[in-house]
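Values in this text are rule-based calculations from the coordinates and carry no lab data. Every value quoted in this text rests on a predicted model; they were computed, and no experiment measured them. Heads up, the Cβs are rebuilt from the backbone with ideal geometry, glycines too, and the neighbour counts pull from every protein chain shown.
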């Protein structure tokens, strides 16, 4: 599937899931993976993108075709460990269904060391899976309020993601609505 086609499909599914307050649930997992895979493939100017099926053994999430070569990626999401986003999302969604006005949640600040530790924890889990083949790791950073770092510099990300550099040829981050390569790419 082309990246724009998958992005359009993911948007349609996401709209439906959002209307049922399911976008953050387990039902929404495939949507979130498809959205990130398609967005990343589009950013990389890939010819095609597809989600990979679960096989019962550790399997990466998606594949892109870039310059005729198939590249396999694992996707993960890094959150502020102090925030339980599913609970917050469900509460907001239920209030919205009842006609209550939307109240923007108060941002929760996280210390740079604490967020780096959370990223390192997630990376360790991905590295422990020992995929047969996985060319890269894509980290979606869902935290925007890192204390003292409005936009963390590349060397901060490289330090936080250091363990991934030993296991993946490429490590990318999606933060503040933009993709950038931390290693490789």
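Brief remarks on what is shown
- Working from label points 7 Å from Cα in the Cα-to-Cβ sense, the residue 128 to residue 151 distance is 3.5 nm.
- Here the simple spin-label model places points 7 Å from the Cα toward Cβ, and for residue 11 and residue 169 these points are separated by 3.1 nm.
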